[in-house]
Structure formats: C-alpha cells, structure tokens
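Comments concern the structure below.
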Amino acid sequence: MSSKSVSSSGIKKIISSLAVLVVAVIFGVLKLSDSGTETVKPVTTVSGTSAVTQSDANESKQTQISNITFRTSKQLTSHFEKHGNEVDAKNEMDYVDKANAVISNPKALHKHEAEDNDDIYFLRSTGEIVFVSTDGYIRTYFISDENYFNKQ
C-alpha cells in the first residue's frame, strides 16, 4: 500500500470529523474568527425564565432556515402521524420544513429544557413548539401554549 493512499477507516474518520464540525457550526458552538462574524442560534429572551441566559439575550438572531431533521425516519413518521394535521403539514418533509422554520424564526422564544437541556423553540403567534435534542435532532413539533413552554 502506498503512503499516499488513504484507508477506508481514515476516510470514515475524516467524514465523521466533518459531520461534527458542521453540527457545531449550525448550533453556534464555533465562532468564525477570520470574518469577524459569529455563528449564533436564533434566540429571544423569555421574561421570568431562568433558562435563558444573559449571553443568549445578547446574541443576534439567525435568519437562515435550519436544516435539522429527526434521528430516524421511523421517528419522523410517528411524529408526523401524531401532529402533522395540527400543524397543517402536507407530508413528512413539509412537517420537517415547518419545524425548521420555527427554529430559524427570529421571533421564536428559545430556552433549554430543565429536564435534559434540549432546545425548545416556541412561536407565540401560532403556538408552534419544537424540541431539539442536545445532539441536534428534532424530537417533536406540535401546537401548544405559552404555559406549556414556560413549564419545560
């Protein structure tokens, strides 16, 4: 084997490292120093909740649509069947797109769930709520109310 060839395990490590980097950038964990800009998550403070930190309150709002999905197609199908009608989703992809629109909406309230630190996004105007796991997957998306959001 030549010293210039790359093993399949080496390629897998590179791909895995790139995937981690992409997820980190999406969630604003890494800051881009060369451009002077910062990657941030969409955040709006929630009055009276300790889950939203002061640093969260000072961050800019992201306007680009997120591209987060469910961990498995089985979970997506299950949640779409349970909540698709209430959020007026035409199909599973529309369900995911609508959840991502909430996550990316600068008007969405954001906080971390007390139980497991998952991200929660809530739109007051529509009652849409999205839970995103700490490892970057949509857990669920449905219609709720602000009291439910505040209890999380």
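The values are calculated or read from the model by the stated rules, or taken from the named source; none is laboratory data. Bear in mind that the values here come from a model prediction, so they are computed numbers and not experimental data. For neighbour counting, all protein chains shown are included, and Cβ atoms are generated from backbone atoms with ideal geometry for every residue, glycine included.
When you go through GLU86, GLU146, GLU59, GLU81 one by one, which is the residue that is at pLDDT below 95 and out of contact with any helix residue (DSSP H, G or I) (no Cβ under 8 Å at 6 or more places or on another chain)?
Every option except GLU59 fails the conditions.
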Since ASP116 meets every condition but one in (1) in contact with a strand residue (DSSP E or B) (Cβ under 7 Å, 6 or more places away or on another chain); (2) at pLDDT below 95, which condition does it not meet?
(1)
